Amino acid sequence: MAGRIPLSQIGNYVEQRMEQLLRDVVLSVDTKAKLESPVDTGRFRMSWQVGENAAPGGQVPQGNYPNMPALTRINYQRERLGNIYSVHNNLPYAEPLADGRSKQAPAGWVQLIAKDAQMYALAQAAKIGRES
């Protein structure tokens, strides 16, 4: 049975649900990009970052990075509606790896992650709309 929300609170309820969806999608894209990244030293996987309204950030120094990194937010703390978030990798060889120039990852793997996230976000947003 669905809970009841006072009419005056519907806007706040929907906004909170949509912000949670935004956080879920950003985390999911970041995680999938890292999991599907070709790994030699782990530097490429470690270099995925999330920017708010820009794609700033530096590069992870050369070295070996054996562990899966956590979400790296650049210049913000929490995803909020009204902003644009980019999951990006600033290494000079990121684009060739995304284009499939590695035997470890097929061409278009980054675009597939983005498309899956878009389809998930649209479906979940529609569900939130139906339930509100």
Margin query: Out of everything in segment 1-49 that is over 13 Å from the mean Cα position of the chain (by Cα) and among the aromatic types (F, W, Y), what residue ends up being modelled with the highest pLDDT?
Written below: F44
Checklist line | Test: L21 is in a loop (DSSP other than H, G, I, E, B) and under 25 Å from M119 (Cα atoms) | finding: no
Item checked: Enumeration of residues in segment 65-108 that are within 14 Å of the chain's Cα centre (by Cα) and in a strand (DSSP E or B) -> R73, I74, Y85, S86, V87, H88, N89
Item checked: Condition met for D99 (surrounded by 13 or more Cβ atoms within 10 Å (Cβ to Cβ) and of a type in the set (D, E)) -> yes
Note to self: Name the residue that is farthest from V26 (Cα to Cα), counting only residues in segment 48-88 that are in contact with a strand residue (DSSP E or B) (Cβ under 9 Å, 6 or more places away or on another chain) and small (G, A, S).
What the structure shows: G58
Check: Yes or no: R130 loosely packed, with under 13 Cβ neighbours inside 10 Å, among the charged types (D, E, K, R) and part of a helix (DSSP H, G or I)?
Finding: yes
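Here is a yes/no grid of residues against (1) touching a residue at least 24 places away in the same chain (Cβ under 8 Å); (2) small (G, A, S); (3) touching a Phe, Trp or Tyr at 6+ places or on another chain (Cβ under 6 Å); (4) open to solvent by 90 Å² or more (accessible area, probe 1.4 Å):
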| residue | (1), (2), (3), (4) |
| --- | --- |
| I10 | yes, no, no, no |
| Y13 | yes, no, no, no |
| R23 | yes, no, no, no |
| G42 | yes, yes, yes, no |
| G57 | yes, yes, no, no |
| P69 | yes, no, no, no |
| N75 | yes, no, no, yes |
| N89 | yes, no, yes, no |
| E95 | no, no, no, yes |
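The values are calculated or read from the model by the stated rules, or taken from the named source; none is laboratory data. Owing to the predicted nature of the structure, the values given are computational and were not obtained by experimental measurement. Neighbour counts run over all protein chains shown; Cβ positions are idealised from the backbone, glycine included. The area values use the complete protein model at the heavy-atom level, side chains included, leaving out ligands, DNA and RNA. Shrake-Rupley method; radii C 1.70, N 1.55, O 1.52, S 1.80 Å.
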